[in-house]
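Colleague: Following this message is one structure expressed as structure tokens.
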Amino acid sequence: MNGVHDLGGMEGLGAVDPPAQEPVFYNDWERRTFAMFIPFVLSGANLDMFRHGIERLHPVQYLTGRYYEHWLHTFESNLVAKGVISEEELEQRTQHYLEHPDEAMPDGGDADQAEHYLKIYEAGASTRRETSNETPAFGVGDRVRVKNIHPSGHTRCARYVRGKEGVVTEVYDAFVFPDTNSKEQGEDPARVYNVEFDSTELWGSGNAERHKVLFDLWEPYLEAA
Amino acid sequence: MTTTESGSPAPVSGTFPVTDEEIAARVKALESLLIDKGVTSELAVDKIAEMYEREVGPHLGAAVVARAWTDPEFKQRLLDDATEACREMGIGGMQGEDMVVIENTGDVHNAIVCTLCSCYPWPTLGLPPNWYKAPAYRARMVKEPRTVLREEFGVDLPEQTEIRIWDTSAEVRYWVLPQRPPGTEDMTEEQLRELVSRDSMIGVGLVAAPA
């Protein structure tokens, strides 16, 4: 979707202003939210649904909300949509914890479950898939053009590269295709290519700076130039 | 989820920002529901959070860099297959399943960004800093990286240095092998680790020679 999350090249968003130091989590709710990812996936969701849930935040909330607020929103909206939880019970419990902010969490889970989750973080969960014997459509050095497409759902084809031409620098294996996986329409693995774009192609010859941008693109996003 | 006829989402209504108290209560509400479903616990929350607070962080990437600086064969393996080379050192996991390391040289300066969200190589750099996830860096780094590096990070690169910005748009996780600073020839691998900053592996910092 052509959403506010697709930020490449936008202006007027202020300074980066990196602090010298900051904690991994600023407070208790951030660390709790971070730790919900595996339970979220085990409830039947996936990484692309997670990302699309964030993209569907109201643009004002997207730009002004704290990072883990985004996570909370996508957990809530996806789990409600899947029927894992209901909005009513979530609202009821929220009200309860607003009135009893220091109340302990219910007992649950066990040590084996916690260890199992840690092992998932340690092992990872690659979205790379077997590529069968299909010949890649493009090779290193080929000139390609990003299709001028505007899918209304989740896509990793950013606006600032659409319609632009670049050169393939790397041919990767197939990876789960976000556009279908985010809709639970299948993994449809497709090859990923690293494509080098000249800044003049992306931003015009009037851009004050010259550099290269390297961008990974799934095969369905590309056509021969 | 309400959608319009074209399939795009209808605007949500609401007032922003949400207070910390409200968010904290919503997080507890959701967590308690997931506990009831048997898919998490306080113990799991603590263990997972502590893993990224205490164990996984940029000191791991720094150890990989220091080894690459002192062991040419390891460096070649790292540039050929970063995931495998890191695994030799027991480093790997979520958001680093398919890593690629890119080398900074005297002629080329690389840096990473994720314009669409916040993708970042967790196993070697830890969880990303907030500025990496915030709009300004993501918006500007692909259009005016030289200015961002100079004004925001104090990295003033020579005009002839080629800047290459890696927008992490798919599932490959890129990170930077910074240049080894001059004057460190006599330092050990352990000493070199201490020099390597998180920012130098993102590509928004340089490794400074020891004072």
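Colleague: Could you tell me how many of the residues in region B:121-138 are more than 8 Å from chain A (Cβ to nearest Cβ) and among the aliphatic types (A, V, I, L, M)? Talk me through it step by step, then tell me what you get.
Modeller: Going residue by residue through region B:121-138, those that are more than 8 Å from chain A (Cβ to nearest Cβ) are B:121-122, B:124-125, B:128, B:132.
Next, only the ones that are among the aliphatic types (A, V, I, L, M) stay: B:125.
The number of residues fulfilling the criteria is 1.
Colleague: Restricting attention to region B:38-67, which residues are at the interface with chain A (Cβ under 7 Å from one of its Cβ atoms) and surrounded by 23 or more Cβ atoms within 10 Å (Cβ to Cβ)?
Modeller: Of region B:38-67, the ones at the interface with chain A (Cβ under 7 Å from one of its Cβ atoms) are B:38-45, B:47-49, B:51-53.
Listed by number, the residues that qualify are B:THR40, B:SER41, B:ALA44, B:VAL45, B:ILE48.
Colleague: Related question: Just one of (1) surrounded by fewer than 18 Cβ atoms within 10 Å (Cβ to Cβ); (2) more than 19 Å from B:ARG26 (Cα to Cα); (3) within 8 Å of chain B (Cβ to nearest Cβ) trips up A:ASP6, so point out which.
Modeller: (1)
Colleague: Among the listed residues A:VAL140, A:VAL161, identify the single one that is modelled with pLDDT of 95 or more and either more than 29 Å from B:ASP156 (Cα to Cα) or of a type in the set (Gly, Ala, Ser) (or both). Before the answer, list the steps.
Modeller: On the way: A:VAL161 fails: either more than 29 Å from B:ASP156 (Cα to Cα) or of a type in the set (Gly, Ala, Ser) (or both).
When all the criteria are applied, what remains is A:VAL140.
Colleague: Here's another thing I want to ask about it. Could you check B:VAL176 against (1) at the interface with another protein chain (Cβ under 9 Å from one of its Cβ atoms); (2) under 16 Å from the mean Cα position of the chain (by Cα); (3) not charged (D, E, K, R) and say which number it fails?
Modeller: Every listed condition holds for B:VAL176 apart from (1).
Colleague: A follow-up question, please. Could you check region B:18-70 and list, in sequence order, the residues that are touching a residue at least 40 places away in the same chain (Cβ under 8 Å) and out of contact with any strand residue (DSSP E or B) (no Cβ under 9 Å at 6 or more places or on another chain)? I'd like the intermediate steps shown before the answer.
Modeller: Step one: of region B:18-70, the residues touching a residue at least 40 places away in the same chain (Cβ under 8 Å) are B:52, B:56-70.
B:TYR52, B:VAL56, B:GLY57, B:PRO58, B:HIS59, B:LEU60, B:ALA62, B:ALA63, B:ALA66, B:ARG67, B:THR70 - these are the residues of region B:18-70 that are touching a residue at least 40 places away in the same chain (Cβ under 8 Å) and out of contact with any strand residue (DSSP E or B) (no Cβ under 9 Å at 6 or more places or on another chain).
Colleague: Go through (1) more than 18 Å from the chain's Cα centre (by Cα); (2) not assigned by TED's automatic domain parsing to the domain that holds A:PHE37 one by one and return the number of the condition A:LEU217 breaks.
Modeller: Condition not satisfied by A:LEU217: (1).
Colleague: Restricting to region B:87-126, name every residue that is more than 14 Å from the chain's Cα centre (by Cα) and over 17 Å from B:GLY205 (Cα atoms).
Modeller: Those that are more than 14 Å from the chain's Cα centre (by Cα) and over 17 Å from B:GLY205 (Cα atoms): B:ARG87, B:GLU88, B:MET89, B:GLY90, B:ILE91, B:LEU116.
Colleague: So B:TRP166 clears everything in (1) surrounded by 20 or more Cβ atoms within 10 Å (Cβ to Cβ); (2) over 13 Å from A:VAL16 (Cα atoms); (3) at the interface with chain A (Cβ under 7 Å from one of its Cβ atoms); (4) over 13 Å from the mean Cα position of the chain (by Cα) except one condition, right? Which one?
Modeller: So the condition that B:TRP166 fails would be (4).
Colleague: Of the numbered conditions (1) facing chain A (nearest Cβ under 8 Å); (2) under 24 Å from B:PRO181 (Cβ atoms), B:ASN104 satisfies every one except a single condition; which is it?
Modeller: (1)
Colleague: Oh, and also: How about region A:38-56: which of its residues are surrounded by 20 or more Cβ atoms within 10 Å (Cβ to Cβ) and of a type outside the set (Gly, Ala, Ser)?
Modeller: Those that are surrounded by 20 or more Cβ atoms within 10 Å (Cβ to Cβ) and of a type outside the set (Gly, Ala, Ser): A:ILE38, A:PRO39, A:PHE40, A:ASP48, A:MET49, A:PHE50, A:ARG51, A:HIS52, A:ILE54, A:GLU55, A:ARG56.
Colleague: Additional query: Would you check if there is a residue in region B:93-101 being more than 10 Å from every other protein chain (Cβ to nearest Cβ) and among the acidic types (Asp, Glu)?
Modeller: Within region B:93-101, none of the residues are more than 10 Å from every other protein chain (Cβ to nearest Cβ) and among the acidic types (Asp, Glu).
Colleague: Here's a follow-up. Can you work out which of the residues in region A:38-83 that are in a loop (DSSP other than H, G, I, E, B), more than 7 Å from every other protein chain (Cβ to nearest Cβ) and under 22 Å from A:TYR117 (Cβ atoms) is modelled with the lowest pLDDT?
Modeller: Pass one, region A:38-83, residues in a loop (DSSP other than H, G, I, E, B): A:43-46, A:56-58, A:65-66, A:82-83.
Restricting the remaining residues to those that are more than 7 Å from every other protein chain (Cβ to nearest Cβ) gives A:44-46, A:57, A:66, A:82-83.
Those still in the list that are under 22 Å from A:TYR117 (Cβ atoms) too: A:44-46, A:82.
On the way: A:GLY44: 93, A:ALA45: 96, A:ASN46: 96, A:LYS82: 96.
So, considering only residues that are in a loop (DSSP other than H, G, I, E, B), more than 7 Å from every other protein chain (Cβ to nearest Cβ) and under 22 Å from A:TYR117 (Cβ atoms), the one modelled with the lowest pLDDT is A:GLY44.
Colleague: Oh, and also: Would you mind finding the one in B:GLU151, B:GLU190, B:GLU185 that is in contact (Cβ under 8 Å) with a residue 24 or more places away in the chain and more than 27 Å from A:ALA123 (Cβ to Cβ)?
Modeller: Values: B:GLU151 fails: in contact (Cβ under 8 Å) with a residue 24 or more places away in the chain; B:GLU185 fails: in contact (Cβ under 8 Å) with a residue 24 or more places away in the chain.
It is B:GLU190.
Colleague: Among A:SER86, A:SER152, which is polar (S, T, N, Q) and modelled with pLDDT of 95 or more? Spell out how you get there, then give the answer.
Modeller: Values: A:SER152 fails: modelled with pLDDT of 95 or more.
Within the list A:SER86, A:SER152, the selection yields A:SER86.
The values are calculated or read from the model by the stated rules, or taken from the named source; none is laboratory data. The model shown is predicted, which means the values in this text are computed figures rather than measured ones. Here Cβ is always computed from backbone atoms with ideal geometry, including for glycine, and neighbour counts include all displayed protein chains.
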